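Below is one structure; the comments refer to it alone.
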Amino acid sequence: YSQNQQDTLLLGLSAMVYQSEVLSVSALAPITTFNLDMNYIVQGGEDGRHEEPFHYANFTGKGQVVALSDTGLDVNNCYFNDPSGNVPLDGSIDLTRRKVIQYIPFGPEPNFKKDDYGGHGTHVAGILGGSGGRFGGIAPDAKLSFFDVSQRGKSLSVPNVPGLFEPGRNAGAKIHNFSWGCGLRSCLNRYADMSHNFDDYLYKNQHLTAVVASGNAGEDGGVSWPGTAKNVITVGSTVNHKQYRGFVPAFSGRGFCNGRPCVDLLAPGDILISSMAGTMCDTMEKFGTSMSAPVISGTVALIRQYFEQVKPDGIDQPSGPLIKAVLLNGGQECSTGQVYDEIQGYGRVSLKNTVPLEGLNSFEAAFYDRKFIRNRQTARYEFRIRNNRLCKQQPLRVTLAWYDPPAPTVLNDLDLLATHAGKQYYPNGKQNKDSVNNVERIQIDNPLNGQDIIITVNAANLITSQARYSMVVTGCISMPMSLSASRDVLNLSDDALY
């Protein structure tokens with residue numbers, strides 16, 4: 001309001017309160033829903049027209065297929081319905097469908113009619129990629145491959161791990177969402193057969209990303225398998241509110257898995273509004289890490305689209321380890337616990353701090369994918385800190401990630417080290433090398449302008465003859481001044497990776 005309008009309003013209110021018929025005067029506060037904060041929080045938006053900067057830049061998951069296995073999906077709900085006809089519910093693939101391009105009925109009684117296991121699968125799918133109603137998902141233009149693992153609406157019936165991944169993979173999905181896990185206390189923080197099999201499958205299929213809910217065992221519990229696997233992205237929850245985005249609710253699964261934090265990343269999960277099964281276009285509220293996992297899966301769809309369109313450093317088909325490195329590199333510390341602990345892992349998701357986007361952030365980024373290294377070999381990368389008008393005093397972050405062979409502990413031990421201004425920096429808040437994580441992140445808050453930074457990746461102890469890794473470096477950096485290795489780096493084409 002202008003000053004004149006404010007004065008007129010106050011004058012009118014002053015006159016009103018003296019009328020005998022007026023008992024009270026109060027402000028009418030705007031009514032809103034917390035779910036509208038979800039995209040704001042994830043994308044790192046600012047109030048006003050920049051609330052969803054990645055969506056405004058047309059990064060909406062277009063061209064991406066995301067697979068999810070859950071209790072069922074109401075394909076007639078407006079968030080998934082195709083006016084020209086829905087996909088047959090027989091596992092066949094039709095890429096021309098508006099939203100659901102594949103529906104695999106696995107259990108003895110597929111739950112596509114009403115998803116009556118509390119509408120869990122329909123709600124999860126809406127958060128991830130629903131479109132057509134008011135409460136669109138993180139990746140509204142992504143398409144879905146849905147694996148119905150409901151068992152008469154009362155429990156889940158899950159196939160072996162290859163059988164779980166293959167149908168969606170055949171439909172073109174490189175992202176797989178799992179908002180379920182073992183519900184027994186004896187499963188918590190345990191590296192079970194399914195954890196082993198997830199790690200094994202991903203190690204052999206490194207172009208895939210698997211996102212898993214950490215479970216709702218909370219403060220007195222732990223993390224359910226398959227969230228205890230090393231090669232997945234295990235997701236806990238934050239409060240879905242702009243003002244309280246840094247708080248972790250008590251239900252969010254947490255714990256250590258053989259010395260490493262089971263939880264990798266946090267995302268909004270308390271409370272989210274999404275599509276309601278058994279209705280034409282209604283919505284419902286739910287909370288839990290089951291809601292946080294599809295937030296991350298949708299975010300991965302945006303990042304994959306970003307790489308396909310922008311092609312940073314010539315990479316248009318990022319591997320699963322690079323996606324994981326990029327996401328965790330941008331994680332922001334939360335108020336509950338501290339970064340690298342058993343509660344928040346690498347922090348809450350923030351696209352604003354993940355990849356460069358004009359008008360939103362000002363850092364530079366360098367990406368390295370599918371790099372091979374032999375046992376005892378060291379790869380060296382050298383940058384120079386360059387603050388300027390466009391990039392002013394950004395933290396220097398570097399994150400290394402790799403898919404490790406299946407086992408409760410790390411088998412291929414890679415060590416990340418940064419040297420800057422005569423000081424050595426170790427990863428994950430440690431004062432020495434990290435031998436328990438297959439993700440390692442270093443942050444230097446105030447790097448010195450004009451000074452070099454040397455980053456090394458050392459293959460300290462490999463169980464295999466060679467390993468491959470991915471890495472991202474962000475900050476006010478010049479492009480690499482030099483790249484060398486203590487021995488020749490293997491030079492294999494991407495075609496040999498799968």
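The values are calculated or read from the model by the stated rules, or taken from the named source; none is laboratory data. Here the structure is a predicted model, which means the values were calculated and not measured. Positions of Cβ are generated from backbone atoms using ideal geometry, with glycine treated the same way; all protein chains shown enter the neighbour counts. Please note that ligands, DNA and RNA were not included when accessible areas were found on the heavy atoms of the full protein model with its side chains. Shrake-Rupley method; radii C 1.70, N 1.55, O 1.52, S 1.80 Å.
Here are some residues: THR234, THR279, THR228, THR283. Which one is under 14 Å from the mean Cα position of the chain (by Cα) and either closer than 30 Å to LYS371 by Cβ or in contact (Cβ under 8 Å) with a residue 12 or more places away in the chain (or both)? Working first, answer last.
Details: THR279 fails: under 14 Å from the mean Cα position of the chain (by Cα); THR228 fails: under 14 Å from the mean Cα position of the chain (by Cα); THR283 fails: under 14 Å from the mean Cα position of the chain (by Cα).
Being under 14 Å from the mean Cα position of the chain (by Cα) and either closer than 30 Å to LYS371 by Cβ or in contact (Cβ under 8 Å) with a residue 12 or more places away in the chain (or both) holds for just one of THR234, THR279, THR228, THR283, which is THR234.
Among the strands (runs of 3 or more DSSP E) contained in the stretch 241-341, which hold 3 or more residues that are within 30 Å of LEU184 (Cβ to Cβ) and open to solvent by 20 Å² or more (accessible area, probe 1.4 Å)?
Working: elements: 265-270, 272-275, 283-286.
Qualifying strands (runs of 3 or more DSSP E): 283-286.
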For the stretch 379-426, which residues satisfy the criterion of being of a type in the set (S, T, N, Q) and free of Cβ contacts under 8 Å to residues at least 12 places away in the same chain?
GLN424
Would you mind stating whether ASN189 is crowded, with 20+ Cβ neighbours inside 10 Å and touching a Cys at 6+ places or on another chain (Cβ under 8 Å)?
yes
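Condition test on SER319, is it touching a Cys at 6+ places or on another chain (Cβ under 7 Å), among the small types (Gly, Ala, Ser) and over 30 Å from GLY118 (Cα atoms)?
No; evaluated as a whole, the condition is false for this residue.
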Return the total of residues in the stretch 430-464 being open to solvent by 40 Å² or more (accessible area, probe 1.4 Å), touching a Lys or Arg at 6+ places or on another chain (Cβ under 9 Å), farther than 20 Å from PHE363 by Cβ and not in a strand (DSSP E or B).
1
Of the listed residues (LYS204, LYS174), the one being at pLDDT 95 or above, buried (at least 18 other Cβ atoms within 10 Å of the Cβ) and either within 23 Å of the chain's Cα centre (by Cα) or closer than 15 Å to GLN64 by Cα (or both) is LYS174
Would a scan of the stretch 81-90 turn up a residue that is buried (at least 18 other Cβ atoms within 10 Å of the Cβ), modelled with pLDDT of 90 or more and in contact with a helix residue (DSSP H, G or I) (Cβ under 7 Å, 6 or more places away or on another chain)?
no
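Across the stretch 178-211, what is the total count of residues that are in contact (Cβ under 8 Å) with a residue 24 or more places away in the chain and among the charged types (D, E, K, R)? Can you show your working first?
Initial filter on the stretch 178-211 (in contact (Cβ under 8 Å) with a residue 24 or more places away in the chain): 178-183, 185, 187-192, 194-203, 205-211.
Of the ones still in play, those that are also among the charged types (D, E, K, R) are 185, 190, 199-200.
Qualifying residue count for the region: 4.
Just to be sure, is LEU417 of a type in the set (A, V, I, L, M, F, W, C) and open to solvent by 10 Å² or more (accessible area, probe 1.4 Å)? It would help to see each step written out before you state the result.
Values: of a type in the set (A, V, I, L, M, F, W, C): yes; open to solvent by 10 Å² or more (accessible area, probe 1.4 Å): yes.
Answer is yes for this residue.
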Identify, from the list ILE101, ILE138, the residue that is over 30 Å from GLY359 (Cβ atoms), among the hydrophobic types (A, V, I, L, M, F, W, C), in contact with a Ser or Thr (Cβ under 8 Å, 6 or more places away or on another chain) and at pLDDT 95 or above.
ILE101
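Taking the stretch 129-157 on its own, how many of its residues are at negative phi and either in contact with a strand residue (DSSP E or B) (Cβ under 6 Å, 6 or more places away or on another chain) or basic (Lys, Arg) (or both)?
At the first step, the residues of the stretch 129-157 found to be at negative phi are 129-131, 133-151, 154-157.
Keeping just the survivors that are either in contact with a strand residue (DSSP E or B) (Cβ under 6 Å, 6 or more places away or on another chain) or basic (Lys, Arg) (or both) gives 129-130, 134-135, 142-149, 154, 157.
Within the stretch 129-157, residues that are at negative phi and either in contact with a strand residue (DSSP E or B) (Cβ under 6 Å, 6 or more places away or on another chain) or basic (Lys, Arg) (or both) number 14.
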I want to confirm something. Restricting to the stretch 358-399 and keeping residues that are part of a loop (DSSP other than H, G, I, E, B) and hydrophobic (A, V, I, L, M, F, W, C), which single residue is modelled with the highest pLDDT?
PHE363
Inside the stretch 306-364, the number of residues satisfying the requirement of being in contact (Cβ under 8 Å) with a residue 40 or more places away in the chain and at positive phi is 6
Tally of residues being open to solvent by 10 Å² or more (accessible area, probe 1.4 Å), over 18 Å from VAL349 (Cα atoms) and in contact with a helix residue (DSSP H, G or I) (Cβ under 7 Å, 6 or more places away or on another chain) across the stretch 207-220:
2
Failed criterion for ASP141 (all others in (1) part of a loop (DSSP other than H, G, I, E, B); (2) over 21 Å from ASP37 (Cα atoms); (3) open to solvent by 40 Å² or more (accessible area, probe 1.4 Å) hold):
(2)
